[in-house]
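Following: one structure in structure tokens, then a few remarks.
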Amino acid sequence: MRPIFLIGYMGCGKTTLGEVLARQMGLRFIDLDEFIEARQGMTIPQIFDQMGEARFRELETEALSEVAVTQDVIVGCGGGTPCHGGNMALMNQAGTTVWLTTSPERITARLLLPEQKSKRPKILHLPDEDVLPLVKAELQARAPIYGQAQLQFDSTDIETAEATERTARRLATALTR
């Protein structure tokens, strides 16, 4: 099976839903950020701090090109992955792209969880009240790119393990039609 790429804004559930979906479908899950971290021996915030965003985006495109030729895999992409380096076209050519959607308010609530905010260079130093306006602005700017996905899927209902299991089953059904 060709790769399935989960795209969408940070906090939309690419990793949470992707891991469960991969297990249900008998596929391997690759979180692209974790893949990059393992290759570089540093966290994404460290890469941003030490190398800058431009270098991170180069590393991201290299990693995506590598996993795009892998079979039987679900890839959880970073929120900005489709927006750089011709990555959206690469993913659409290599496999199936799924844009996970949910409201800016739900995304913001997820991102403001302490264990989430600390992993996100873009919001790490922002006051909490500035996160929702950023999410809304970036979602609006990225929508034309995310909208190139072959499938759009609502990932709102993943707040509990049971809900995530149900949502993953719905997505698996949509992918195998």
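The values are calculated or read from the model by the stated rules, or taken from the named source; none is laboratory data. Just so it is clear, the structure is predicted and the values come from calculations on it, not from any experiment. Quick reminder, even Gly has a Cβ in these numbers, built from the backbone with ideal geometry, and neighbours come from all protein chains shown. To get the accessible areas, we keep the full protein, side chains included, count just its heavy atoms, and leave off ligands, DNA and RNA. Shrake-Rupley method; radii C 1.70, N 1.55, O 1.52, S 1.80 Å.
On the basis of being within 27 Å of D154 (Cα to Cα) and over 16 Å from the mean Cα position of the chain (by Cα), does Q71 make the cut?
Spelling it out, Q71 is indeed within 27 Å of D154 (Cα to Cα) and over 16 Å from the mean Cα position of the chain (by Cα).
Which condition number in (1) in contact (Cβ under 8 Å) with a residue 24 or more places away in the chain; (2) closer than 30 Å to G26 by Cα; (3) surrounded by 14 or more Cβ atoms within 10 Å (Cβ to Cβ) is the one that G147 fails?
(3)
For M91, all conditions in the list (1) surrounded by fewer than 18 Cβ atoms within 10 Å (Cβ to Cβ); (2) under 25 Å from E58 (Cβ atoms); (3) touching a residue at least 40 places away in the same chain (Cβ under 8 Å) hold save one; what is the number of the exception?
If we test M91 against (1) surrounded by fewer than 18 Cβ atoms within 10 Å (Cβ to Cβ); (2) under 25 Å from E58 (Cβ atoms); (3) touching a residue at least 40 places away in the same chain (Cβ under 8 Å), just (1) comes out false.
Which of the residues belonging to the range 167-177 are of a type outside the set (V, I, T) and in a helix (DSSP H, G or I)?
Correct list: A168, R169, R170, L171, A172, A174, L175.
Tally up the residues in the range 32-51 that are open to solvent by less than 20 Å² (accessible area, probe 1.4 Å) and free of Cβ contacts under 8 Å to residues at least 60 places away in the same chain, please.
Summing the residues that are open to solvent by less than 20 Å² (accessible area, probe 1.4 Å) and free of Cβ contacts under 8 Å to residues at least 60 places away in the same chain in the range 32-51 gives 3.
Please pick out the residue among I36, I30, I74 that is part of a helix (DSSP H, G or I), of a type in the set (A, V, I, L, M) and under 24 Å from Q116 (Cβ atoms).
Just one listed residue meets the conditions, I36.
Kindly establish whether T160 is modelled with pLDDT of 95 or more, β-branched (V, I, T) and either under 20 Å from G18 (Cα atoms) or surrounded by fewer than 16 Cβ atoms within 10 Å (Cβ to Cβ) (or both).
No: the conditions fail for T160.
What number of residues within the range 52-79 satisfy the criterion of being open to solvent by 30 Å² or more (accessible area, probe 1.4 Å) and under 21 Å from G11 (Cα atoms)?
Counting residues in the range 52-79 that are open to solvent by 30 Å² or more (accessible area, probe 1.4 Å) and under 21 Å from G11 (Cα atoms) gives 3.
Here's the yes/no breakdown for (1) farther than 18 Å from L151 by Cα; (2) modelled with pLDDT under 95:
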| position | (1), (2) |
| --- | --- |
| T61 | yes, no |
| S65 | yes, no |
| V73 | no, no |
| H84 | yes, yes |
| M88 | no, no |
| L100 | no, no |
| R110 | yes, yes |
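So, in the range 15-30, how many residues would count as being open to solvent by 20 Å² or more (accessible area, probe 1.4 Å) and under 20 Å from T81 (Cα atoms)?
Number satisfying all stated conditions: 5.
Given (1) at negative phi; (2) open to solvent by 10 Å² or more (accessible area, probe 1.4 Å); (3) in contact (Cβ under 8 Å) with a residue 24 or more places away in the chain; (4) of a type outside the set (V, I, T), where does P82 come up short, assuming only one miss?
(2)
Does any residue in the range 117-137 that is farther than 18 Å from C12 by Cβ come within less than 9 Å, Cβ to Cβ, of a residue that is β-branched (V, I, T) and at pLDDT below 90 six or more places away or on a different chain, and which pairs are these?
D130/I123
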